[in-house]
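First up is the structure itself, then whatever we jot down about it.
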Amino acid sequence: MLTARQNVDEVIKGGNPERYANNYEWIQLLFAPFYMHNPTPQKGQEDVVDAWGVTNSWPGNVPGPFPVHTPDKVVIKDYENWRDYVKAPSLDFPEEEWNIFAPQYDGVDHEQAYAAAFYAPGMFERMHHCGGIENAMMAFYECPDEVHDLIKFIKDWELQFAEGLCSHFKGMDAIFHHDDWGSMQSTFMSPAMFEDFFGDAYAEVYKYYHDHGCKYVVHHSDSYGATLVPTMIDMGIDVWQGCMYSNNLPELVSKYGDKITFMGGFDGAMIDRPDATKELVKECVYKVLDEVGTPKGFIPCIAQGGPGSVFPDVYLWLMDAIDEYSIEKMGVKKEDITRLPNQIMF
C-alpha cells in the first residue's frame, strides 16, 4: 500500500493513486525564526503590530485576525509614495534561532509526508495589508509604476526569506505559500492585470524554491481563481490549495489536471458552520467526489489554508468521509490507510 506521500505523488503526476489524497495528510507545515519576531493576535486580542508595522486584531466573534486600517494605524498613507512608509523587517537571525526549527524539518517522516515551510502573507496580501484593500486596488490604476516597484520590493524580501529557509532546512522539500487572489465568486483583478503585476514576480520566487530542493510549490488562495490557472501554471505552482467549489472543479481537473493539482472543494459555507453534522459533511464529500470523478489532479480538502476547521470536529469528519469514499468506491482497506499524527493547526 502506498504511503500518503507516495499516493499524492501519483495524484500530482497523473499516475495510479490507490485512493483519494486526503486534506493535509501528505504535508507537514512547519515554521521559521521570522515568526518569532512577527507578532500575531490570539483570539480576543486587538491592536497587535506585526514586523511590517501592520496592526491586526482578532475579535472573539470572527474566525480569524485581520488588519486594522483606520487612518492612525494604516502603514501606507499614499501608494504613490510607499517608500516613505514601508520598512521591511530584518531577516538576520542568529544561528541559535535557526537551530530551534531545523530538527522539525529533519524529524518529519519523509516516507509519509513532505516537510513544507509555511509562508504568509504573500505579495498581494502584504501590499493591501499595509495600505487597505480599497486603496491598494485603486493604486493598480492610479500609479501602476509605483505598484510594480512595491511588488518588486516585497518579492526581493521574499527571495531573502527563501534563501534563509533553503540554506538552513535541508529536510525541507516543499513550500506552502499563502496569498488570496479573489472572493468566492470572482478574482480581485482581471487575468491580464494579474499576470502583468504578479506573474514574473511569483515565477522568480517559485523557481528559486524548485531549484533549491522543493519538489512541490503549494499555493493557498481560498477563493475563485479559475481564470488565473494558466498564469498559476506559468508561475510554477504545482498544487493550488483552497480551490473553492465555485471554481467548477470537474471542469478544471479535466482541463488542467495534468499540469496543476487542485486541492480544495469544501468551502466553509458548505461544511464548516455551526449547524454542521457528520452526515452533512459526508453528503457533501460524496457529492463533490462523484462530480470530479477522479483522484488524479485533485486533492479533496477543506478550503482554509491549514489543517483544521473553525467549528469542532468538522475537519476530522471531512477526513473520515473522504477515506470512507475511497474504501467504498476504490476498494481500499481501512487498515491500509496511513495518516500523519493529528496535525490540526486552526
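Hey, can you tell me all the residues within the stretch 192-209 that are within 19 Å of Glu125 (Cβ to Cβ) and either touching a strand residue (DSSP E or B) at 6+ places or on another chain (Cβ under 6 Å) or open to solvent by less than 70 Å² (accessible area, probe 1.4 Å) (or both)? Step through it out loud before you land on a result.
Pass one, the stretch 192-209, residues within 19 Å of Glu125 (Cβ to Cβ): 193-206, 209.
If the condition is that a residue be within 19 Å of Glu125 (Cβ to Cβ) and either touching a strand residue (DSSP E or B) at 6+ places or on another chain (Cβ under 6 Å) or open to solvent by less than 70 Å² (accessible area, probe 1.4 Å) (or both), then Met193, Phe194, Phe197, Phe198, Gly199, Ala201, Tyr202, Ala203, Val205, Tyr206, Tyr209 are the ones that fit.
Would it be correct to say that Ser309 is farther than 22 Å from Ile12 by Cα and either open to solvent by less than 80 Å² (accessible area, probe 1.4 Å) or part of a loop (DSSP other than H, G, I, E, B) (or both)? Steps first, answer last, please.
Details: farther than 22 Å from Ile12 by Cα: yes; either open to solvent by less than 80 Å² (accessible area, probe 1.4 Å) or part of a loop (DSSP other than H, G, I, E, B) (or both): yes.
Yes; evaluated as a whole, the condition is true for this residue.
Which one of Gly257, Gly265 is among the small types (Gly, Ala, Ser), touching a residue at least 40 places away in the same chain (Cβ under 8 Å) and either surrounded by 15 or more Cβ atoms within 10 Å (Cβ to Cβ) or over 26 Å from Gly15 (Cα atoms) (or both)? First the steps, then the outcome.
Values: Gly265 fails: touching a residue at least 40 places away in the same chain (Cβ under 8 Å).
On inspection, the qualifying residue turns out to be Gly257.
If you go through the stretch 120-127 one residue at a time, do you hit one that is aliphatic (A, V, I, L, M), out of contact with any strand residue (DSSP E or B) (no Cβ under 8 Å at 6 or more places or on another chain) and surrounded by fewer than 20 Cβ atoms within 10 Å (Cβ to Cβ)?
no
Can you work out which of the residues in the stretch 26-40 that are polar (S, T, N, Q) and under 22 Å from Pro67 (Cβ atoms) is most open to solvent (accessible area, probe 1.4 Å)?
To start, the set of residues in the stretch 26-40 that are polar (S, T, N, Q) comprises 28, 38, 40.
Next, only the ones that are under 22 Å from Pro67 (Cβ atoms) stay: 38, 40.
On the way: Asn38: 16, Thr40: 83 Å².
Step by step, filter the stretch 26-40, then rank; the result is Thr40.
A quick yes/no check of all residues on (1) farther than 24 Å from Lys296 by Cβ; (2) in contact with a helix residue (DSSP H, G or I) (Cβ under 7 Å, 6 or more places away or on another chain):
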position	(1), (2)
Ala174	no, no
Asp180	yes, yes
Gly213	yes, yes
Asp222	no, no
Cys243	no, yes
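If I filter the stretch 225-254 down to residues being of a type in the set (S, T, N, Q), closer than 15 Å to Gln185 by Cα and touching a residue at least 40 places away in the same chain (Cβ under 8 Å), which single residue comes out as surrounded by the fewest Cβ atoms within 10 Å (Cβ to Cβ)? I'd like the intermediate steps shown before the answer.
If we filter the stretch 225-254 for residues that are of a type in the set (S, T, N, Q), which is where we start, we get 227, 231, 241, 246-248, 254.
Still in the list and also closer than 15 Å to Gln185 by Cα: 227, 246-248.
From the residues that got through so far, the ones that are touching a residue at least 40 places away in the same chain (Cβ under 8 Å) too are 227, 246.
Working: Thr227: 14, Ser246: 18.
The qualifying residue surrounded by the fewest Cβ atoms within 10 Å (Cβ to Cβ) is Thr227.
Regarding Ser183, is this residue under 30 Å from Glu251 (Cβ atoms), among the small types (Gly, Ala, Ser), open to solvent by 20 Å² or more (accessible area, probe 1.4 Å) and within 19 Å of the chain's Cα centre (by Cα)?
On the way: under 30 Å from Glu251 (Cβ atoms): yes; among the small types (Gly, Ala, Ser): yes; open to solvent by 20 Å² or more (accessible area, probe 1.4 Å): yes; within 19 Å of the chain's Cα centre (by Cα): yes.
Answer is yes for this residue.
Please give the number of the condition Ser57 fails out of (1) open to solvent by less than 30 Å² (accessible area, probe 1.4 Å); (2) of a type in the set (Ser, Thr, Tyr); (3) without any contact (Cβ under 8 Å) to a residue 60 or more places away in the chain; (4) under 12 Å from Cys130 (Cβ atoms).
Against the list (1) open to solvent by less than 30 Å² (accessible area, probe 1.4 Å); (2) of a type in the set (Ser, Thr, Tyr); (3) without any contact (Cβ under 8 Å) to a residue 60 or more places away in the chain; (4) under 12 Å from Cys130 (Cβ atoms), Ser57 comes up short only on (4).
Could you run through the stretch 160-180 and say how many residues are within 18 Å of the chain's Cα centre (by Cα) and assigned to a loop (DSSP other than H, G, I, E, B)?
Narrowing the stretch 160-180 to residues within 18 Å of the chain's Cα centre (by Cα): 161-162, 165, 172-180.
Filter again for assigned to a loop (DSSP other than H, G, I, E, B), leaving 172-173, 179-180.
Number satisfying all stated conditions: 4.
Open to solvent by 10 Å² or more (accessible area, probe 1.4 Å), under 18 Å from the mean Cα position of the chain (by Cα) and over 30 Å from Glu95 (Cα atoms) - does that describe any residue in the stretch 210-224? Can you show your working first?
At the first step, the residues of the stretch 210-224 found to be open to solvent by 10 Å² or more (accessible area, probe 1.4 Å) are 210-213, 215-216, 222, 224.
Within this subset, residues satisfying the condition of being under 18 Å from the mean Cα position of the chain (by Cα) are 210, 215-216, 222, 224.
After this cut, where a residue has to be over 30 Å from Glu95 (Cα atoms) as well, the list is 222, 224.
Checking the stretch 210-224: at least one residue is open to solvent by 10 Å² or more (accessible area, probe 1.4 Å), under 18 Å from the mean Cα position of the chain (by Cα) and over 30 Å from Glu95 (Cα atoms).
Looking at (1) open to solvent by 60 Å² or more (accessible area, probe 1.4 Å); (2) more than 18 Å from the chain's Cα centre (by Cα); (3) closer than 18 Å to Glu25 by Cβ, which is the one condition that is false for Val288?
So the condition that Val288 fails would be (1).
Quick one: which of Pro71, Pro144, Pro94 is more than 25 Å from the chain's Cα centre (by Cα) and either closer than 23 Å to Gly199 by Cβ or polar (S, T, N, Q) (or both)?
Working: Pro71 fails: either closer than 23 Å to Gly199 by Cβ or polar (S, T, N, Q) (or both); Pro94 fails: either closer than 23 Å to Gly199 by Cβ or polar (S, T, N, Q) (or both).
From the options Pro71, Pro144, Pro94, the qualifying one is Pro144.
The values are calculated or read from the model by the stated rules, or taken from the named source; none is laboratory data. As the structure is a prediction and not an experimental result, all values here were calculated from the model. Please note: Cβ atoms are built from the backbone with ideal geometry, for glycine as well, and neighbour counts cover all protein chains shown. What goes into the accessible areas is simple: the full protein's heavy atoms, side chains included, and nothing from ligands, DNA or RNA. Shrake-Rupley method; radii C 1.70, N 1.55, O 1.52, S 1.80 Å.
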